[in-house]
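Heads up, the thing below is written out as structure tokens.
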Amino acid sequence: FILYLRSNISGLLMFRADSILSVLDRLLMILICGILLWTNVAGTDFRIEWFILAQTAAYSLTALAALLIVLRRSSVRRITLKKAFSLMILKQSFPFAVLILLMTFYNRIDSVLLERLLPGSEGNYQAGIYASAWRLLDAMNQIAFLFAGLLLPIFSHMIRKGDAVAPMVRMAFNMLFTLSLSVAMFSAFYSFELMDLFYRDHEEDSAAVFFILMWCFVPVATTYVFGTLLTANGNLFYLNMVAGSGMILNILLNVLLIPEYLALGSAMASLVTQVVMSVAQVWLAIRYFRLKIDTGYMLRLLMFIGGVSFLAWLSVLIRWPWWIGLLVGGSLALLLSMTLRLIHIGEIRTILRNRGEEDA
């Protein structure tokens with residue numbers, strides 16, 4: 001219900017409210033569990049049931065807040081069910097549901113296959129190693145996911161009005177590509193340090209898997225731009241064909257690689273699948289929207305890739321404390337993206353201002 005209500009709010013282009021709601025349940029969880037963990041208000045040790053209740057309360061309060069916003073901004077005064085209209089909504093929603101299901105399969109099935117394909121306790125251990133490396137990637141993916149949630153109504157509005165989408169697509173891709181590549185590059189160079197920060201045991205095994213998995217962030221971020229564009233354009237049939245192929249490819253690669261390479265094999269399968277999915281969606285977007293890629297732009301992208309690689313290598317070579325190298329290197333990567341005009345603050349402000357004036 002939170003996602004459903006947020007879709008109404010983002011459809012109304014209330015991006016500030018949608019952004020707040022996107023993190024409200026987590027903030028409430030942190031607040032409730034923080035009080036229970038770090039104070040003696042309950043008079044006893046923390047229990048797992050409290051975590052469940054806290055999460056339920058956080059979701060419920062967020063859903064209530066979203067409902068109040070929707071009711072306030074809409075003309076709905078009474079909820080009625082009409083059979084014909086409900087069937088029409090279900091029919092139109094079915095391709096979206098299938099797409100989400102297929103994407104969930106090839107994004108989440110790795111840990112399940114690790115546990116099932118490996119014998120005894122080895123399957124549980126390798127699934128745990130994979131999950132420990134996956135968590136940070138999953139957290140970073142939320143940034144790209146939230147960005148896609150903002151892009152969907154914008155792309156839909158622009159396509160409906162017949163506006164050129166290329167400037168918005170390039171701006172969104174530049175932002176997510178520079179972010180995802182920088183995160184992936186520095187995560188690869190500091191894979192052990194990051195895993196050692198989060199875990200007390202098996203850091204080396206987790207770091208090896210993490211080194212591969214974090215590169216998935218680049219193709220995943222790319223699909224959040226081009227997949228969202230295709231979704232806004234209604235190309236669900238082709239997206240489902242691509243997602244179905246991705247699911248089959250991911251399962252086959254896992255079956256082939258897991259017995260020999262364990263969690264590393266599953267990470268490699270995930271990376272190959274994500275790269276293939278992103279390339280397919282970029283190709284579809286170029287085909288349907290006739291997007292043009294000029295030589296100068298590609299040269300700037302290559303220069304950014306080389307520059308970030310050099311910065312990550314240099315930050316390790318200087319032998320700073322790893323967290324200083326990470327912060328300095330990340331800051332310089334942002335500066336490099338602005339220098340190469342991949343991220344152009346003025347362009348972002350102009351496009352968003354024009355969108356705001358048109359929507360008004």
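The values are calculated or read from the model by the stated rules, or taken from the named source; none is laboratory data. Owing to the predicted nature of the structure, the values given are computational and were not obtained by experimental measurement. Here the Cβ positions follow ideal geometry from the backbone for every residue, glycine too, while neighbour counts run over all protein chains shown. Ligands, DNA and RNA are excluded from the accessible area calculation, which covers all protein heavy atoms including side chains. Shrake-Rupley method; radii C 1.70, N 1.55, O 1.52, S 1.80 Å.
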Kirkwood-type radius of the range 104-174, with distances r between different C-alpha atoms, in Å: 15.0 Å
Ellipsoid semi-axes in whole angstrom, largest first, where each is sqrt(5λ) of the Cα gyration tensor of the chain: 32, 29, 24
In nm, spacing of pseudo-spin labels at LEU12 and TRP323 (7 Å Cα→C-beta vector): 4.2 nm
Shape box of the range 100-226 [Cα atoms, principal axes, largest first, Å]: 57, 31, 16
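Restricting to Cα atoms and excluding each atom paired with itself, what does the Kirkwood estimate give for the range 1-137 in Å? Spell out each step's value before the answer.
Details: mean 1/r = 0.0530 Å⁻¹.
Across the range 1-137, the inverse of the average 1/r is 18.9 Å.
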Probe 1.4 Å, all protein chains present, accessible-area order of TRP215, TRP50, TRP38, largest first: TRP38, TRP215, TRP50
Rg/Rh ratio calculated on Cα atoms of the range 39-95 (Kirkwood radius): 1.25
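Relative to the Cα centre, what is the charge dipole magnitude of the chain, using +1 at the beta carbon of each Lys and Arg, -1 at the beta carbon of each Asp and Glu, and rounding to the nearest 20 debye? Don't jump to the answer; show the numbers that get you there.
Values: 27 positive and 21 negative charges, 391 e Å.
With Lys and Arg at +1 and Asp and Glu at -1, about 1880 debye.
When the helices in the chain are scored as -39500 (n - 2.57) per DSSP H run of 4 or longer and the sum is shared across all residues, what 222 nm value do you end up with, to the nearest 500 deg cm²/dmol?
Working: 13 runs with 306 residues, N = 360.
Result for the chain, helices only: -30000 deg cm²/dmol.
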Solvent exposure ordering (accessible area, 1.4 Å, most first) of LEU71, LEU229, LEU336: LEU71, LEU336, LEU229
Spin-label model distance (nm) - TYR59 vs THR39, 7 Å beyond Cα toward Cβ: 2.6 nm
Loop-located trypsin sites (Lys or Arg not before Pro) in the range 26-106 whose Cβ has at most 15 other Cβ within 10 Å (DSSP): ARG47, ARG77, ARG78, LYS82
Sorted largest first, extent of the range 216-327 alpha carbons per principal axis (Å): 51, 44, 21
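So which trypsin sites (Lys or Arg not before Pro) in the range 239-306 end up in coil per DSSP with only 15 or fewer other C-beta atoms within 10 Å?
On the way: sites: ARG287, ARG290, LYS292, ARG300; in loops: ARG290, LYS292.
When the trypsin sites (Lys or Arg not before Pro) of the range 239-306 are filtered for loop state and at most 15 Cβ neighbours within 10 Å, ARG290, LYS292 remain.
Heavy-atom accessible area per residue, the range 229-343, 1.4 Å probe: how many Å²?
Details: 6280 Å² over 115 residues.
Roughly 55 Å² per residue, with all protein chains present.
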Rg/Rg_ref, the range 262-341, where Rg_ref = 2.2 N^0.38 Å and atoms are Cα: 1.47
Positive-end residue, the range 206-347 charge dipole about Cα centroid, Cβ charges, pick of SER270, THR339, THR228: THR339
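Contour minus end-to-end for HIS202 and ILE143, with contour as 0.36 nm per residue of separation and end-to-end as the Cα-Cα distance? Show your work: numbers first, answer last.
Details: separation 59, 0.36 × 59 = 21.24 nm, distance 2.76 nm.
My answer for the length gained is 18.5 nm.
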Phi-based couplings in Hz for the range 276-282 (Karplus 6.51, -1.76, 1.60; Gly and Pro marked x): 4, 5, 5, 4, 5, 6, 5
Heavy atoms of PHE211: accessible area, 1.4 Å probe, square angstrom to 10: 90 Å²
Two-site FRET efficiency, ILE159 against ALA84, from Cβ-Cβ distance with R₀ of 35 Å, rounded to 0.05: 0.80
Partner lysines for LYS91 [C-alpha distance under 22 Å; skip if fewer than 8 residues away on the same chain]: LYS82, LYS83
Extension gain (nm, one decimal) between TYR261 and ASN124, 0.36 nm per residue minus Cα-Cα: 47.8 nm
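Remind me, what semi-axes does the range 3-53 give for its equivalent ellipsoid, largest first in whole Å, using sqrt of 5 times each Cα gyration tensor eigenvalue?
Equivalent ellipsoid semi-axes, largest first: 33, 11, 5 Å.
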